[in-house]
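Right, I'll just put the structure down here and ask away after.
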Amino acid sequence: MISVGVKELKAKLSSYIAQAKKGQEIIITEHGKDVAVMLPLSKERQAVKSLMAEGKTNWSGGKPKGLIGIKIKGKPLARTVLEERR
């Protein structure tokens with residue numbers, strides 16, 4: 001994990017973005033205190049973006065809707081969770 005101040009981050013933003021793309025987590029500090037984290041995109045978000053690019057789903061930032069052509073085998077997850085709780 002890398003820690004960087006706001007001033008340096010602004011000066012070298014492209015470099016830090018490249019590091020995040022490679023999987024590095026970056027802590028952003030302000031006056032020596034942690035204030036934010038820059039993270040690489042999760043595999044789940046990348047998968048949703050791929051489905052959006054293929055026109056198989058729409059996403060406005062909330063729960064993904066409209067999954068077209070995706071079949072899930074087995075029992076619904078909610079039922080499985082309820083059964084496991086018994």
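The values are calculated or read from the model by the stated rules, or taken from the named source; none is laboratory data. Since the structure is predicted, the reported quantities are computational estimates derived from the model, not experimental observations. Counting neighbours? That spans all protein chains shown, and the Cβs are built from the backbone with ideal geometry, glycine included.
What residue, among those in the range 1-58 that are in contact with a Phe, Trp or Tyr (Cβ under 7 Å, 6 or more places away or on another chain) and in a helix (DSSP H, G or I), is modelled with the highest pLDDT?
Leu9
Return the pairs, sorted by first residue and then second, in which the second residue is among the acidic types (Asp, Glu) and not in a strand (DSSP E or B), the first residue lies in the range 1-14 and is under 15 Å from Pro40 (Cβ atoms), the beta carbons are less than 8 Å apart, and the residues are 6+ apart or on different chains.
Pairs found: Met1/Glu25; Ile2/Glu25.
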